[in-house]
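Asker: Below you will find the structure I want to go over with you.
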Amino acid sequence: MYRGLNLMGYRISGSKCLTVCLGLTFLMGCFIASLPIVPSESANLQLSTSQSKKLAIIVPFRDRFEELLEFVPHMYKFLNKQKIPFHIFVVQQKDNNRFNRASLINVGFIYTRNNYEYIAMHDVDLLPLNDKLSYGYPKNGPIHISSPQTHPKYHYDTFIGGILLIKREDFELVNGLSNNYWGWGLEDDEFYVRLKDAGLKVSRPEGITTGPENTFKHIHDKSYRKRDMRKCYNQREVTRRRDRRTGVHDVAYNLHGSHNVSIDSLPITVINVELICNKDLTPWCQCPEPKVKKN
């Protein structure tokens, strides 16, 4: 049975002992509270990570599942090395119109802009191989990752297709991409003019010693998936001019749901989109089938 405490030759009763202990606890608490709070290195690291810019990789997509199976694991491995917080958004066109890469990117931007500070406009068939290709935040203007000097196929100076990083404010400044480009090609050339007109300079990675043969892996099989390069109605005439009317603010679409799926246990988001075509403005969203000559 507890009967008190013998402290330095003095016997203290149980009630007095309790009073002394509470007093010492109070004084120690006051002393600790008066000490300055200095964050540890681990706390600083967590704060820095939580404040870093988030990247939305926007992949315009239709019927390229085999390429997507290779794309997702490759990009996770590549970007995890750079410690960049990112997520992959596959914007899948689900309608009967011709493929419209630019409009799908516009929709992807709208879907992600509230939670991500910048986007990568990223082809699903172009895989970066050189670890010096940084996907970091493009604070000083758009960064064209797949430059004409390193792209496997396109080498003209104003080319900005393939992979382009752009921050949210710059994409909104130029009103995104034109919605006039149904079928393959030219939408990125028109986007280059938009950037130039807005005074935005496109930069490209520096210090890259690899070339067109080994900077990227191009997994598109043109014999299996042919480009839709048809031109019908007045498409050729209209799409050769700068579009000052359409963009991200008026892209017409219906969202048919989004799905969180995994490839090799790696999470991505698939957004199913029906693009709406105004045939009075862009009748070439559906070219007539070519007539078959009879023998």
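Laboratory data are not the source of any read-out in this text; all were calculated from the coordinates shown. Given the structure is predicted, the values throughout are model-derived calculations rather than measurements. We place every Cβ from the backbone using ideal geometry, glycine too, and count neighbours over all the protein chains shown.
Asker: Rounded, prolate or oblate for region 112-251? Axes are the square roots of the Cα gyration tensor eigenvalues, ordered a ≥ b ≥ c, and the cut-off for rounded is a/c under 1.5. Mind dumping the intermediate values first?
Answerer: Values: a/c = 1.77, a/b = 1.12, b/c = 1.58.
Since a/c reaches 1.5 but b/c is at least a/b, the shape of region 112-251 is classed as oblate.
Asker: What shape does region 158-234 take by its C-alpha gyration tensor, where a ≥ b ≥ c are the square roots of the eigenvalues and a/c under 1.5 counts as rounded, a/b above b/c as prolate, and the rest as oblate?
Answerer: Numbers: a/c = 2.46, a/b = 1.04, b/c = 2.36.
Cα axes put region 158-234 in the oblate bin.
Asker: Compute the Cα gyration tensor for region 176-220, then decide on rounded, prolate or oblate, letting a ≥ b ≥ c be the square roots of its eigenvalues: rounded whenever a/c is under 1.5, prolate when a/b is larger than b/c in the other cases, and oblate in all that remain. It would help to have the intermediate numbers written out before the result.
Answerer: Working: a/c = 4.43, a/b = 1.37, b/c = 3.24.
It is oblate, given that a/c is not under 1.5 and a/b is not larger than b/c.
Asker: Separate question: Restricting everything to alpha-carbon atoms, can you work out Rg to Rh for region 146-192 with a Kirkwood hydrodynamic radius? Walk me through the numbers on the way to the answer.
Answerer: Details: Rg = 11.5 Å, Rh = 11.8 Å.
Reported Rg/Rh, Kirkwood definition of Rh: 0.98.
Asker: Wrap a convex hull around the Cα atoms of region 60-127, take a quarter of its surface area, and give that in square nanometres.
Answerer: Details: hull surface 19.4 nm².
Approximately 4.9 nm², given one-decimal rounding.
Asker: Taking the Cβ of N80 as the center, what net charge do the other residues with Cβ under 14 Å away carry, scoring Lys and Arg +1 and Asp and Glu -1?
Answerer: Details: positive: K77, K81, K83; negative: D131, D264.
Taking every other residue near N80 into account, the sum is +1.
Asker: Follow-up question, since we're still on this one. By per-residue mean of other Cβ atoms within 10 Å, what is the highest-first order of 60-69, 179-188?
Answerer: Working: 60-69: 16.6, 179-188: 21.4.
Highest-to-lowest ranking by the protection proxy: 179-188, 60-69.
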